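Colleague: Please see the structure below; I have some questions.
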Amino acid sequence: MILFKEKFVYIIGAKYLFLCDENFTILENQAFVFKDEILEFGKLEELLKKYPQAKWIKTDQNCIIIPAFINPHTHLEFSANSTTLHFGEFLIWLKSVIKSRSFLSAKAKEELIFENIKKIQRSGVGTIGEISSFGSDFNACLKASENGIRFIYFNEILGTNENQIEEKKVEFLQRFENSLKYKSEFFIPAISVHSAYSTHPKLAHFALDLARKYDLLVSTHFLESRAENIWLRKAQGGFKKWLENFIPNPRPFYTPKDYVMLFENIKTLFTHCVYLKEYEWLDKTYHSITHCAFSNRLLSQKRFDLKKALKSGLNIHLGTDGLSSNISLSLLDEMRANLLIHQGEDLLNLASKLLQMATLYPARALNLNAGELKIGKNADFSIFNLGECEKKQAPLQLILNAKEVEKIFIKGRECSL
């Protein structure tokens, strides 16, 4: 990370500034002044006169500046997967994960995870929500946070065996307390309760009590697949047949509604929710949904109803999930996938909404002073260079054509790419 001297303020301008506010305002041929936060907007020439001591960061003629993207759901511990895991149906995938987890974990060295983080950053992401199941991603995430990318580090808990509850608590607590030692504005510990089908109530309550005690964000996978949906709602289907190999007459730990109630008054990101119909169960003040289109296509056999979810008034934002169920960790690639699967939506309107779902909305879900270009917000922004395009077309053209940023700034600091 390049640390700017505190005495300086900086000025930068662009052909288009995507504010990513609620109205998706686009400013043309405008500039802004910033230190660690954004101070003022205006015409470049006027700002240069008003701030004669400011450092001017020159940009190309057709550049676009947009708030740095926020990817709230990754699994970097699966960075080594490409063709190992099986797709097409959730339980087939899950069984391949269990079979290959040790092999893939051994291959996902710190260097590989760190390189994937840099790739994510080069796609315009300034904040990553990392779901850490084992802690093998910890050193790479901490190193990256010290070099200019923000992490919400979700320590994950899971386990269904009653006889292993205390052992699981001890192992989780070690990882969790270790992450607390390194808490900073760029490394923010949090908690993940894996899912309703994989987490014993005693473990879920244990982790959520810690979340309340330390006022931490929580993430959980919920109603991702047809198999999970039938299991939680009817105690039938593929999960029942699979679990019968291990225990007699298996029963789910929760109904879907009971599971949601565990997270009452806790700021929680519910990931996937492909089979959720009862949006009223979620609390708009505390709960949000992370939509992972590519992952859902590979595993869920059903398309998330984005239009209905947005109409519910809930905060819906984008995530990539991990390379365990995706071929890319770029939110730009994820947005391109969304353009294709949500048919019937106006392309220009959908493009603007997807950019908000990668900036403004996840910032709200994660309690970040970021996600939009606005006075008083953190100077978290990316610079993309595109060819000549009309203002109305610019959001769609950015999604379709952008691959990597020219520069990215987090809290006013230019990050090394």
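The values are calculated or read from the model by the stated rules, or taken from the named source; none is laboratory data. As the structure is a prediction and not an experimental result, all values here were calculated from the model. Here Cβ is always computed from backbone atoms with ideal geometry, including for glycine, and neighbour counts include all displayed protein chains. For the accessible areas, the whole protein counts, side chains as well, though only heavy atoms, and no ligand, DNA or RNA atoms are used. Shrake-Rupley method; radii C 1.70, N 1.55, O 1.52, S 1.80 Å.
Colleague: Looking at (1) among the β-branched types (Val, Ile, Thr); (2) open to solvent by less than 20 Å² (accessible area, probe 1.4 Å); (3) out of contact with any Phe, Trp or Tyr (no Cβ under 7 Å at 6 or more places or on another chain), which is the only condition ILE157 fails?
Modeller: Unmet condition: (3).
Colleague: While we're looking at this one, here's another question. Sort through THR74, THR83 and tell me the only one that's open to solvent by 20 Å² or more (accessible area, probe 1.4 Å), polar (S, T, N, Q) and closer than 30 Å to GLY237 by Cβ.
Modeller: Details: THR74 fails: open to solvent by 20 Å² or more (accessible area, probe 1.4 Å).
That would be THR83, the only listed residue that is open to solvent by 20 Å² or more (accessible area, probe 1.4 Å), polar (S, T, N, Q) and closer than 30 Å to GLY237 by Cβ.
Colleague: Quick check on the stretch 2-14: of everything there that is open to solvent by 30 Å² or more (accessible area, probe 1.4 Å) and either in a strand (DSSP E or B) or charged (D, E, K, R) (or both), which residue is modelled with the highest pLDDT?
Modeller: LYS7
Colleague: Just one of (1) touching a Ser or Thr at 6+ places or on another chain (Cβ under 8 Å); (2) in a loop (DSSP other than H, G, I, E, B); (3) buried (at least 20 other Cβ atoms within 10 Å of the Cβ) trips up LEU276, so point out which.
Modeller: Here LEU276 clears every test but (1).
Colleague: Would you confirm whether any residue within the stretch 94-103 is open to solvent by less than 70 Å² (accessible area, probe 1.4 Å), in contact with an Asp or Glu (Cβ under 8 Å, 6 or more places away or on another chain) and either without any contact (Cβ under 8 Å) to a residue 60 or more places away in the chain or closer than 26 Å to MET335 by Cα (or both)? Show your work before the answer.
Modeller: Going residue by residue through the stretch 94-103, those that are open to solvent by less than 70 Å² (accessible area, probe 1.4 Å) are 94, 96-97, 100.
The next check asks that each one be in contact with an Asp or Glu (Cβ under 8 Å, 6 or more places away or on another chain); those that pass are none.
The answer is no; no qualifying residue exists.
Colleague: Can I ask one more? Can you report the number of residues in the stretch 21-50 which are more than 16 Å from LYS411 (Cβ to Cβ) and either in contact with a Phe, Trp or Tyr (Cβ under 9 Å, 6 or more places away or on another chain) or outside any loop (DSSP other than H, G, I, E, B) (or both)? Spell out the reasoning first.
Modeller: Residues of the stretch 21-50 more than 16 Å from LYS411 (Cβ to Cβ): 21-31, 40-50.
When the remaining residues are screened for being either in contact with a Phe, Trp or Tyr (Cβ under 9 Å, 6 or more places away or on another chain) or outside any loop (DSSP other than H, G, I, E, B) (or both), the result is 24-31, 40-42, 44-50.
Residues flagged as more than 16 Å from LYS411 (Cβ to Cβ) and either in contact with a Phe, Trp or Tyr (Cβ under 9 Å, 6 or more places away or on another chain) or outside any loop (DSSP other than H, G, I, E, B) (or both) within the stretch 21-50 amount to 18.
Colleague: Another question, if that's okay. Of (1) more than 16 Å from the chain's Cα centre (by Cα); (2) at positive phi, ASP321 satisfies all except one. Which?
Modeller: (1)
Colleague: Could you count how many residues in the stretch 367-417 are over 30 Å from LEU217 (Cα atoms) and open to solvent by 30 Å² or more (accessible area, probe 1.4 Å)? Spell out the reasoning first.
Modeller: Just the residues of the stretch 367-417 that are over 30 Å from LEU217 (Cα atoms), to begin with: 384-398, 400-403, 406.
Still in the list and also open to solvent by 30 Å² or more (accessible area, probe 1.4 Å): 385, 387-388, 390-393, 397, 400-401, 403, 406.
Number of matching residues: 12.
Colleague: Tally the residues that are out of contact with any strand residue (DSSP E or B) (no Cβ under 8 Å at 6 or more places or on another chain), crowded, with 16+ Cβ neighbours inside 10 Å and not in a loop (DSSP other than H, G, I, E, B), restricting the search to the stretch 305-317.
Modeller: Number satisfying all stated conditions: 0.
Colleague: Related question: For ALA54, state whether it is under 24 Å from VAL405 (Cα atoms), open to solvent by less than 30 Å² (accessible area, probe 1.4 Å) and either basic (Lys, Arg) or within 22 Å of the chain's Cα centre (by Cα) (or both). Write out each step before concluding.
Modeller: Details: under 24 Å from VAL405 (Cα atoms): yes; open to solvent by less than 30 Å² (accessible area, probe 1.4 Å): yes; either basic (Lys, Arg) or within 22 Å of the chain's Cα centre (by Cα) (or both): no.
Judged against the criteria, ALA54 is not a match.
Colleague: How many residues does the stretch 280-304 contain that are crowded, with 18+ Cβ neighbours inside 10 Å and either in a helix (DSSP H, G or I) or not small (Gly, Ala, Ser) (or both)?
Modeller: 14
Colleague: State yes or no: is GLY313 closer than 15 Å to GLU130 by Cα and among the small types (Gly, Ala, Ser)?
Modeller: Details: closer than 15 Å to GLU130 by Cα: no; among the small types (Gly, Ala, Ser): yes.
In short, no.
Colleague: Listed residues LEU91, LEU112; which is over 22 Å from the mean Cα position of the chain (by Cα) and either in a loop (DSSP other than H, G, I, E, B) or on the phi < 0 side of the Ramachandran plot (or both)? Steps first, answer last, please.
Modeller: Values: LEU112 fails: over 22 Å from the mean Cα position of the chain (by Cα).
Criteria check complete, one pass: LEU91.
Colleague: OK, next. Exactly one of (1) acidic (Asp, Glu); (2) in contact with a strand residue (DSSP E or B) (Cβ under 6 Å, 6 or more places away or on another chain); (3) open to solvent by 10 Å² or more (accessible area, probe 1.4 Å) is unmet by GLU334. Its number?
Modeller: Going through (1) acidic (Asp, Glu); (2) in contact with a strand residue (DSSP E or B) (Cβ under 6 Å, 6 or more places away or on another chain); (3) open to solvent by 10 Å² or more (accessible area, probe 1.4 Å) one by one, GLU334 breaks only (3).
Colleague: Within the stretch 142-154, how many residues are without any contact (Cβ under 8 Å) to a residue 60 or more places away in the chain, over 17 Å from THR220 (Cβ atoms) and buried (at least 16 other Cβ atoms within 10 Å of the Cβ)?
Modeller: Selection size over the stretch 142-154: 4.
Colleague: Kindly check whether there is at least one residue in the stretch 349-366 that is open to solvent by 10 Å² or more (accessible area, probe 1.4 Å), in contact (Cβ under 8 Å) with a residue 40 or more places away in the chain and more than 17 Å from the chain's Cα centre (by Cα).
Modeller: Within the stretch 349-366 (the criterion being open to solvent by 10 Å² or more (accessible area, probe 1.4 Å), in contact (Cβ under 8 Å) with a residue 40 or more places away in the chain and more than 17 Å from the chain's Cα centre (by Cα)), the answer is yes, since at least one residue qualifies.
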